[in-house]
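Since the structure comes first, as structure tokens, the remarks are kept for the end.
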Amino acid sequence: MPRTKAQGMTRIELYVPTALFEEAEELSDFEGWKLAELHRVFWENGFGAYVERSNKRMINKRLRGKISPDTTNQGEE
């Protein structure tokens, strides 16, 4: 990613549906947010959702690993 002039920061591009972004811009104008704050909300919320899904997958994988092989292949025979 290209570096910005801000030290210690990396530029990241996000793509969101236009209608959603326009609605978010209206809300941010009403709330008095700067555009950078709106982008940060999209980034953090998106990343938070990703981490939550990732943690769920990891836990499910561990739980499946604890099940004995005899019970995982019952419907395949």
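The values are calculated or read from the model by the stated rules, or taken from the named source; none is laboratory data. This one's a predicted model, so the numbers in the text were calculated from it and none came from an experiment. All Cβ positions, glycine included, derive from the backbone under ideal geometry; neighbour counts span all protein chains shown. SASA here: full protein model, heavy atoms, side chains in, ligands and nucleic acids out. Shrake-Rupley method; radii C 1.70, N 1.55, O 1.52, S 1.80 Å.
The phi-based Karplus calculation (6.51 cos²θ - 1.76 cosθ + 1.60; θ = phi - 60°) puts the 3J(HN,Hα) values of segment 15-30 at 10, 10, x, 4, 4, 5, 5, 4, 5, 5, 5, 4, 5, 5, 4, 4 Hz, whole numbers, x for Gly and Pro. Here the accessible area is traced with a 1.4 Å probe on the protein chains. For segment 1-67, carbon and sulfur cover 57 percent of it. Annotation note: trypsin sites (Lys or Arg not before Pro) in segment 1-66 located in DSSP loop regions with a Cβ neighbour count of at most 15 within 10 Å are Lys5, Arg11, Lys34.
Taking θ as phi - 60° and the Karplus parameters 6.51, -1.76 and 1.60, the scalar couplings of segment 45-54 work out to 5, x, 5, x, 5, 5, 4, 4, 5, 4 Hz in sequence order, x denoting glycine and proline.
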